Amino acid sequence: MRVLQINSSVNIGSTGRITEEIGKMLWRKGHKSYIAAANISGSSNSSLISIGTAWDRQKHALKTRMLDRHGFASAKATRKMVEDIHSIDPDVIHLHNIHGYYLNAEVLFTYLKKEQKPVVWTLHDCWPFTGHCAYFDRVGCYKWQTECYKCPLKEAYPASWGLDRSRKNFHEKRELFTGLNQCMIATPSQWLASHVQQSFLKGYPVEVIYNGVDQETFHPGPDNGDVLQKYEIADEPYVLGVASVWSSRKGFNDFLKLRQMLPESIYIVLVGLSQNQRSKLVGKMIGIKKTADVRELAALYSGATAFANPTYIDNFPTTNIEALSCGTPVVTYNTGGSPEAIDEDTGMVVEKGDVRGLAKALQFLATKGKVDFAGSCMARAKQYFNKEERYLDYIRLYEKLTSKMPSSLYS
C-alpha cells in the first residue's frame, strides 16, 4: 500500500511529529510512505516532497493579511505538488493541516475530486469548516453551523488586517470540501468530532483517534536529580506548565495570577518561555526556555507534583498525555478536548478562567500526594494514548478505506 500524507510540516510541531510517526509505522508494516510538506526538519523514514518556497509562503501570508483568502493562494506550488502525487499514484491520500500559508485548497480538492482516491482527513482544529478561524470557541461563535459572516475573529490566526471574506471562504470551502466519494475524517477528540457532525462536513464518517505518546521516552525516571539541579529546582513540590509557544491563550497570565494564590511552599515551573516572559515571573517561579531534549522534558514531568494546563483554546493537548505517561496528574480548564485526557483518578477539571479553582485543585493534589495518582495516570496513558496503538489505528483506517467500495463507506 502506498500512502501519501500532506501536512504543513514534518518533524516540526505536534502535527509534524504525528505525520512522521505515522510514516514510520507504515514503513514498519511493509508499506510505502510519502509526505508532502512545506516545512521539513531533519531526516525522515518517508519519501519527502517539498511544497513551495519561503517566498511562496510570504506571498500567501500577504494575501491572507490583506484579502482574508487564507488557503486560496500558492496555486503554482500546489499544482507542482499535484503533479508529484500523480506520479506516485498513492492508494490513500491522508490530509492533515492544509492551512499554514502553503497550499491552495481549490487546486488540491479539484484534483482529489477528479481522481476520487480514498482520503483520510485528520482535523487538528476547526479551520476546515469555518470561514476564517481555527478555534471558534475562543468567542463562542457558532455561525459556521449555517453561514459565516462578520467574523469576530478576523484578526486571529490566520489574521486578516484588511477585508473580511469569511462568508465567501465559508461557501467556497463547503463547495470544495464536500463531494469526495471515499473520505473518512479523523479527529483527536470527541469534542471536535461532535462539532464536525454539526458542520458541512457531516456527510463524511468520523472516527476519533486520540493522539499518542512515546511511553519509552515519557515514563517516570528513577532519578530526576540532575535535571532538577540543572534548573535550580529545589527539593520541594512544584507545579509544571509546558507549551511550545506561551501566550494568554495558553494561560501564561493565569500562571502569574496562580502564583499569588498558591502557598510559597509550592513552586511553579514553566517550560517554553521567551526571555521577555521569563523576566515577568515573580516569587517562586522558574522559567525554562524551550527544550529539544525530550528525556529532559520527561524528567521535569516526572518530578512535578501536578501538571497544570490552563489553556483557553485547544483540541487535544499532547502535553496532558505526556504528563500522565510520566505518572503525573493533570489539572486542566474545561476547554475543547483537553478534559478527555483524564478521569477522576488521574486529574481534575475546572472551568475556563477559574484561576482560584485551579489553585484549589493543585493544592488538593499536593496535599493528597502524587503517589495516590501515579499508577492510575500511567495505566490510563497505556490504555488510551500508547503511540504505537494509535498510529496502528490509522493503518487500519487506510485498510478499511481501500477494502470498501464507495457505496459501503457511508452505510
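Considering the conditions (1) in contact with a helix residue (DSSP H, G or I) (Cβ under 8 Å, 6 or more places away or on another chain); (2) more than 30 Å from I395 (Cβ to Cβ); (3) among the aromatic types (F, W, Y), F177 is excluded by exactly one of them, (2). Flag not set for H60, criterion: surrounded by fewer than 21 Cβ atoms within 10 Å (Cβ to Cβ) and either at positive phi or modelled with pLDDT of 95 or more (or both).
Against the definition (open to solvent by less than 10 Å² (accessible area, probe 1.4 Å) and at pLDDT below 95), how does G16 come out, yes or no? Answer is yes for this residue.
Residue selection: D125 satisfies the criterion of being open to solvent by 10 Å² or more (accessible area, probe 1.4 Å) and either without any contact (Cβ under 8 Å) to a residue 60 or more places away in the chain or under 21 Å from the mean Cα position of the chain (by Cα) (or both).
Every residue in region 174-198 that is surrounded by fewer than 18 Cβ atoms within 10 Å (Cβ to Cβ), in contact (Cβ under 8 Å) with a residue 60 or more places away in the chain and either within 24 Å of G16 (Cβ to Cβ) or under 21 Å from the mean Cα position of the chain (by Cα) (or both), please. Residue satisfying the conditions is Q190 alone. What do you reckon, is K168 under 25 Å from V107 (Cα atoms), open to solvent by less than 50 Å² (accessible area, probe 1.4 Å) and of a type in the set (K, R)? When the stated conditions are applied, K168 does not pass them. Restricted to region 36-135, the set of strands (runs of 3 or more DSSP E) holding at least 2 residues that are more than 27 Å from S189 (Cβ to Cβ) and not β-branched (V, I, T) comprises 47-50. Checked against (1) hydrophobic (A, V, I, L, M, F, W, C); (2) more than 26 Å from V213 (Cβ to Cβ); (3) in contact (Cβ under 8 Å) with a residue 60 or more places away in the chain, L62 passes all but condition (3). Restricting region 201-210 to residues that are in contact with an Asp or Glu (Cβ under 9 Å, 6 or more places away or on another chain) and in a loop (DSSP other than H, G, I, E, B), the residue that is farthest from G272 (Cα to Cα) is I209.
The values are calculated or read from the model by the stated rules, or taken from the named source; none is laboratory data. The structure presented is a predicted model; accordingly, all values stated were derived computationally and were not measured. Reconstructed Cβ throughout: ideal geometry from the backbone, glycine too, with neighbour counts over all protein chains shown. Quick note on the areas: whole protein, heavy atoms, side chains included, nothing else; ligands and nucleic acids left out. Shrake-Rupley method; radii C 1.70, N 1.55, O 1.52, S 1.80 Å.
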